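One structure is given below, encoded as structure tokens.
The values are calculated or read from the model by the stated rules, or taken from the named source; none is laboratory data. Keep in mind that what you see is a predicted model, and the values were worked out from it rather than measured. Cβ placement follows ideal geometry from the backbone for every residue including glycine, while neighbour counts extend to all protein chains displayed. Only protein heavy atoms, including side chains, enter the accessible area calculation; ligands, DNA and RNA are left aside. Shrake-Rupley method; radii C 1.70, N 1.55, O 1.52, S 1.80 Å.
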Amino acid sequence: MDKFVLSTDTCCDELKSNLKKNRIEFIKMAFICEGEIFEDNFDSVEEYKFFYDEMKRGKVYSTTGLNHFQVKEYFTEILERTKSDIVHVCLSSGLSGTFNVVRQVVEEINQTFENKIYLVDSKTATQGQNAVLTYAMLLRNEGRTALEAKDILEKEIKRLCVSFFLGDLEALKRGGRISGAQAAIAKMVQLRPVLKFDPEGKLQIIEKAIGSKKAIKSLFDRFAKRFDPNSPIPIFLAYAGDPTNMNEIRKMIEERFGITNIITGPVGPVICSHTGPSLTGLIYLERQ
């Protein structure tokens, strides 16, 4: 019997049927389009593709965080139903205010319930968050306690490398993160900014590659120098829009290192609303 319940939010971008199959509770994040709020309940490649296509056609999406009542209701129901501790893997505190809302609720609930909630800041999002969740699932299946799992995860997250590049900056322009002139210049020179999550879970630009081939090489070269071949979790690859670049990196890893245990997955609507439907990411544990 599991010693804790594993929980997350849907920014992990795992298919919801897979989360249910793996006994992982989840709270749904939301996104907004034309004044209407939609829950992230995607459960097929087709749903992600439809979302990407809508963005490419000019649909503009924004996001909204979780609120106190929502989170409290979610955790209370699980605690009352399972009578078990919870390990909750959350979207990075460096990206969203959601983590602080969840933390406040956890502190409040832990004062009144016998079983406790152990909050883990993933310091990342999308398939990076899914990598942390996968590690948490392994620890749960090994029979670890909630506290043991939290301590191990927080230690290992420090060496989790989550890097990616953007192939189109149109969404950044629409969201006001860059100017129209900057977007036009970037498109003209085929700028592909390469970013990574820093230790605080915030995004930082590590390179301004010109063209997708150089951006792919940048991700792969860093991986080749730093990845841990004895990692307890697989390598993850992420994509938004066209998976061609992701598949190219996968082929490079397979041919160079003979590694075939690679998990690929989409970037969901909450993160993609900000990055746009043209992203390629690589996630792995670095050597200690």
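When the residues of the range 273-288 are filtered to those that are in contact with a Leu (Cβ under 8 Å, 6 or more places away or on another chain) and closer than 12 Å to P243 by Cα, the one that is most open to solvent (accessible area, probe 1.4 Å) is S278. The listed residues are A181, A238, and the only one of them that is of a type outside the set (K, R) and modelled with pLDDT of 90 or more turns out to be A238. Would it be correct to say that V106 is free of Cβ contacts under 8 Å to residues at least 60 places away in the same chain and either surrounded by 14 or more Cβ atoms within 10 Å (Cβ to Cβ) or over 30 Å from P234 (Cα atoms) (or both)? It is true that V106 is free of Cβ contacts under 8 Å to residues at least 60 places away in the same chain and either surrounded by 14 or more Cβ atoms within 10 Å (Cβ to Cβ) or over 30 Å from P234 (Cα atoms) (or both).
Could you grab me the full set of residues in the range 191-209 that are of a type outside the set (D, E, K, R), touching a residue at least 60 places away in the same chain (Cβ under 8 Å) and open to solvent by 50 Å² or more (accessible area, probe 1.4 Å)?
First, pick out the residues of the range 191-209 that are of a type outside the set (D, E, K, R): 191, 193-195, 197, 199, 201, 203-206, 209.
Imposing the further condition that a residue be touching a residue at least 60 places away in the same chain (Cβ under 8 Å) reduces the set to 197, 199, 201, 203.
Correct list: P199, L203.
All of I32, I24, I37 fail the test of being on the phi < 0 side of the Ramachandran plot, of a type in the set (A, V, I, L, M) and out of contact with any Phe, Trp or Tyr (no Cβ under 9 Å at 6 or more places or on another chain), apart from I24. Taken over the range 208-255, the criterion of being acidic (D, E) and under 28 Å from L138 (Cα atoms) is satisfied by D228, E254, E255. On the stretch given as the range 35-91, residues that are among the hydrophobic types (A, V, I, L, M, F, W, C), surrounded by 17 or more Cβ atoms within 10 Å (Cβ to Cβ) and part of a strand (DSSP E or B) total 4.
Of all residues in the range 218-272, those satisfying the criterion of being surrounded by 14 or more Cβ atoms within 10 Å (Cβ to Cβ) and basic (K, R) are R222, R250.
Can you name every residue in the range 54-93 that is without any contact (Cβ under 8 Å) to a residue 40 or more places away in the chain, under 30 Å from L279 (Cα atoms) and more than 18 Å from the chain's Cα centre (by Cα)?
Going residue by residue through the range 54-93, those that are without any contact (Cβ under 8 Å) to a residue 40 or more places away in the chain are 54, 57-59, 64-65, 67-69, 72-73, 76-77, 79-81, 83.
Going one step further and asking which of them are under 30 Å from L279 (Cα atoms), we end up with 54, 57-59, 64-65, 67.
Matches in the range 54-93: E54, R57, G58, K59, N67.
In this structure, does T124 turn out to be open to solvent by 10 Å² or more (accessible area, probe 1.4 Å) and of a type outside the set (A, V, I, L, M, F, W, C)? It is false that T124 is open to solvent by 10 Å² or more (accessible area, probe 1.4 Å) and of a type outside the set (A, V, I, L, M, F, W, C).
I'm checking my understanding of the structure. Among residues of the range 153-174 that are over 19 Å from the mean Cα position of the chain (by Cα) and not acidic (D, E), which one is most open to solvent (accessible area, probe 1.4 Å)? Before the answer, list the steps.
Start the filter on the range 153-174 by keeping residues that are over 19 Å from the mean Cα position of the chain (by Cα), which leaves 168-170, 173-174.
Of the ones still in play, those that are also not acidic (D, E) are 169, 173-174.
Working: L169: 19, K173: 73, R174: 101 Å².
Taking the candidates together, the pick is R174.
Restricting attention to the range 1-34, the residues that are hydroxyl-bearing (S, T, Y), in a helix (DSSP H, G or I) and within 17 Å of I86 (Cβ to Cβ) add up to 1.
Matching residues to (1) within 26 Å of T64 (Cα to Cα); (2) touching a Lys or Arg at 6+ places or on another chain (Cβ under 9 Å):
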position: S218; (1), (2): no, yes
position: I235; (1), (2): no, yes
position: Y239; (1), (2): yes, no
position: I259; (1), (2): no, no
position: P266; (1), (2): yes, yes
position: G281; (1), (2): yes, no
